[in-house]
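Here's the structure, in structure tokens; my notes come after.
The values are calculated or read from the model by the stated rules, or taken from the named source; none is laboratory data. No experiment lies behind these values; they were computed from the predicted model shown. Note that each Cβ is placed from the backbone with ideal geometry, even for glycine, and that neighbours are counted across all protein chains shown. We work out accessible area using only protein heavy atoms, side chains counted, and drop any ligands, DNA or RNA first. Shrake-Rupley method; radii C 1.70, N 1.55, O 1.52, S 1.80 Å.
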Amino acid sequence: WDNADFSRGVGTTFYQEFSTLNTAKPPFVRDVEEKVRRYLRSSYSAVWTLKITWEKAPVYTARTDTRKTNTYQAVLTTDGFRSYILMLYQDGGMQWDYTRLTSTNVLIGYT
């Protein structure tokens, strides 16, 4: 996500924090818990979750083209002992033309 360029006023970044220790859990947090349980086959109960959304983010450098944008999210969550991240991309995957990026070692996700 570090190759997005918002310098031309195209796209938006926003976040929402969910602290759920000793509080009722909203549907979004319950959905995150279910995904962690399903994908990792383990019990999980979140005490804190952060959702970051990059909406219609143009590729770096935006001065050359702001038409191809991506919408994606990173969801960080922890139970106080284990932490996870969910990387969520718009339908159709990466829309940027990676052959025109300044760097050629492009990954979706993290290592």
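On a per residue basis, segment 12-100 carries 65 Å² of accessible surface, using protein heavy atoms and a 1.4 Å probe. Relative to the current alpha-carbon distance between Lys68 and Ser42, full extension at 0.36 nm per residue lengthens the span by 5.5 nm. Under the combined filter of DSSP loop state and at most 14 neighbouring Cβ atoms within 10 Å, segment 2-64 retains these trypsin sites (Lys or Arg not before Pro): Arg8, Arg41, Arg63.
Its Cα gyration tensor gives segment 12-100 an equivalent ellipsoid. The semi-axes, each the square root of 5 times an eigenvalue, are 31, 14, 10 Å from largest down.
Computed FRET efficiency, Cβ-Cβ of Asp91 and Glu17, R0 30 Å: what is it to the nearest 0.05? FRET efficiency, Asp91 to Glu17: 0.70. Using C-alpha pairs under 8 Å with a sequence gap of at least 6, the mean separation divided by the residue count of segment 12-100 gives a relative contact order of 26 percent. Each part gets one Cα centre, and for segment 74-90 versus segment 26-59 those centres are 5 Å apart. Round to the nearest 0.05 the FRET efficiency obtained for Leu76 and Ser7 when R0 = 35 Å and r is the Cβ-Cβ distance. It comes out at approximately 0.85.
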